[in-house]
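To start, the structure under review is shown below, and the notes come after it.
Quick note: the coordinates plus some simple rules give every number you see, no bench work behind them. No experiment lies behind these values; they were computed from the predicted model shown. Here the Cβ positions follow ideal geometry from the backbone for every residue, glycine too, while neighbour counts run over all protein chains shown.
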């Protein structure tokens, strides 16, 4: 993102916060760093954004707007949950800091976050689940995507450092430690194992959605 020095608006502050977080994580985001990028005094930023907590909320909400879920018209509940998973996955890979900021029971909440939550609940309304079960379904999908995204972002670092994909890394470690003491694990690693996190994102999502379908069937009885 190009820096326009001397231009001080809430949008400019949020934009620079996102640029800093994308480059070096949330820990790199500070009013001082943003002020330096904008050629402004630190205290002048507080006239637009009162604190870092509010800044992160605005940053997350802006990214959520970019990854707003599409029109649900003509989509089934299963297609809606798959779409939710795909959009969140893409968002976390492009902006890993959003995963850090939102993987909590009290995430930053703004208008776009609320719209996303409304979309999710409305998207599975046809299942006829009670509120607690509907919440559990959405949490299961969201938590699954967050967990695999966490593995994927960590794997980027590990692969760059070791030069090995996760499957080859495990095979190497098993040989070093002694695979003869773990025959079941040795047999698994000796076969074809998919090391791409996106494969497991989709594989396990299908398992989850099959379970949701059975849950809905039980509620309809």
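Once the Cα atoms are used to define both axes, helix 77-94 deviates from the longest principal axis of the chain by about 60 degrees. Label positions at residue 68 and residue 214, each projected 7 Å from the Cα along the C-beta direction, are separated by 3.8 nm. Counting neighbouring Cβ atoms within 10 Å and putting the fewest first, the residues 208, 58 line up as 208, 58. Rounded to the nearest 10 degrees, the angle from helix 52-66 to the longest Cα principal axis of the chain is 60 degrees. Highest-first packing order for the peptide set 16-22, 84-90 is 16-22, 84-90, based on the mean count of other beta carbon atoms within 10 Å. If the Kirkwood radius is taken over C-alpha pairs of region 98-152, then at 10 °C and 1.306 mPa s the Stokes-Einstein diffusion coefficient equals 130 µm²/s. Globularity index of region 112-221 is 1.45 (Cα radius of gyration / 2.2 N^0.38 Å, N = number of residues). For region 1-131, the spread of Cα positions along the three principal axes, ordered from largest to smallest, is 54, 24, 24 Å. Averaging Cα coordinates gives a centre for region 178-221 and one for region 59-96; these two points are 23 Å apart. In plain terms, the C-alpha convex hull of region 10-50 casts an average shadow of 2.5 nm² when viewed from every direction. Modelled this way, with points 7 Å down the Cα-to-C-beta line, the labels at residue 51 and residue 90 are 3.5 nm from one another. Taking every DSSP helix (H) stretch of at least 4 residues in the chain, weighting each as -39,500 (n - 2.57) and dividing the sum by the residue count yields a mean residue ellipticity at 222 nm of -23000 deg cm²/dmol. Angle of helix 111-123 to the longest C-alpha principal axis of the chain, folded into 0 to 90 degrees and rounded to 10: 30°.
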